[in-house]
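The values are calculated or read from the model by the stated rules, or taken from the named source; none is laboratory data. Being a predicted model, the structure only gives us computed values, none of them experimental. Don't worry about glycine lacking a Cβ; one is built from the backbone with ideal geometry, like all the others, and counts go over all protein chains shown. Heads up: the accessible areas ignore ligands, DNA and RNA and are worked out on the full protein's heavy atoms, side chains in. Shrake-Rupley method; radii C 1.70, N 1.55, O 1.52, S 1.80 Å.
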Amino acid sequence: MLISIVPRGAPVKARAALVLAMSFNSDHAMTPEPSVTIIVPTLNEEKCIRSAITSLVPEDGNLDYEMIVLDGGSTDHTALIVEEMSKLNSRIRLEMNPARYQSAAVNRGARLAKPESEIIIRADAHAEYPPGFVAGLVRELRERNAASVVVPMRTHGKSFLQRGIAAAQNSRLGNGGALHRTGNCSRYVEHGHHAAFVRRTFLAIGGYDESFTHNEDAELDLRLSKSGAKIWLCAELAISYFPRSSLSALARQYFNHGAGRARTMLKHRHPPKVRQLLPLAALGMNVLSLASGLGLGWLFFLPSLAYAGACLSGGLYLAMSRRDPAGCAAGPAAIIMHQSWATGFIYRALRVSISRSFRILVSNEALR
């Protein structure tokens, strides 16, 4: 069993050969009943960790599994709840994640897994999982000749505002048509919400880049695709995700998402998709509109007013179509998501560009 990670600086072709050689591409590559390690990163998740773990425990008594909860230093009762549950189920254990971030937690979990473990499952504590989730992922990995199985996310809220945020994230108003948000058909994809990996492939490709605090999943999917490995979206195993419950938390989350996406694109020289360009265009238009309006007159405010009106109208439509007044909050939520994502993207892109320019300047000065 391979437990080391291939250096990320290795040539792509060399990594690809190793990954494909270690993928489950034959009937003999996986034992009849593979051992599974479920990895759950946590940080202050006392409100939902119990239900998440309960929904993740496989119902199939014949499935060989272990569950490793990696806590990033929770200051609430998360760790105590996990320890309590581990006393009732010896297959559950708590480990610490000194690096705190999810990318480091999953990498650590993949290394701490028992030697015979063949499949790792990444699970969010801020979610609930459908019956047969783990067994379904194992089945899909075996049948689809894939290195990774991803699943759709269906966002659900409890409070008025959280339901509005969920409505935005479940619609094109907030997700731009991302397959792991809208996909109702199983297919091979380039990216999705991470759920399961062939452990040897995950380790061979280098695991997550731990310098990424956000968007580590998309960055890994790019490396998987470059290596020739396949990613399968299983629409039947959609999970229930609980979004942020305040607009300030939503803004921070999407700022970080945008910054992470920019870093991924710059690292791999990967151009953005149209749905990723739209928030950038909206932010640029709003900045120009507001700046021009302040100096040249109210007519220049019209583009920003039209954008805000379109988002608010979209929220009203969602409220009416879903018969839930909370859908009205989807409009303001979408505005915050778009603008925060674009701001984070530009911030990271400028920061990387300035850093590179400074390094080039220092290097040129040193050569003189």
Does ALA166 fit the bill of being under 20 Å from GLU66 (Cβ atoms) and within 18 Å of the chain's Cα centre (by Cα)? no
Would you confirm whether or not region 332-344 contains a residue that is in a helix (DSSP H, G or I), within 24 Å of SER246 (Cβ to Cβ), open to solvent by 30 Å² or more (accessible area, probe 1.4 Å) and of a type in the set (S, T, N, Q)? yes
Count, please, the residues in region 70-104 that happen to be open to solvent by less than 50 Å² (accessible area, probe 1.4 Å), among the β-branched types (Val, Ile, Thr) and either over 25 Å from GLU116 (Cα atoms) or free of Cβ contacts under 8 Å to residues at least 40 places away in the same chain (or both). 3
Among the candidates LEU296, LEU277, LEU283, single out the residue that is under 28 Å from the mean Cα position of the chain (by Cα) and modelled with pLDDT under 95. LEU277
Given the conditions (1) of a type in the set (Gly, Ala, Ser); (2) crowded, with 17+ Cβ neighbours inside 10 Å; (3) at pLDDT below 95; (4) within 19 Å of the chain's Cα centre (by Cα), every one holds for ALA16 apart from (4)
Residues that are assigned to a helix (DSSP H, G or I) and surrounded by fewer than 23 Cβ atoms within 10 Å (Cβ to Cβ), drawn from region 316-331: LEU316, TYR317, ALA319, MET320, SER321, ARG322, PRO325, ALA326, CYS328
Does MET285 qualify as being open to solvent by less than 60 Å² (accessible area, probe 1.4 Å) and either in a helix (DSSP H, G or I) or touching a Ser or Thr at 6+ places or on another chain (Cβ under 7 Å) (or both)? no
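Here is a list: SER225, SER248. Which entry is assigned to a helix (DSSP H, G or I) and either under 11 Å from the mean Cα position of the chain (by Cα) or within 20 Å of GLU143 (Cα to Cα) (or both)? Write out each step before concluding.
Working: SER248 fails: either under 11 Å from the mean Cα position of the chain (by Cα) or within 20 Å of GLU143 (Cα to Cα) (or both).
The unique qualifying residue is SER225.
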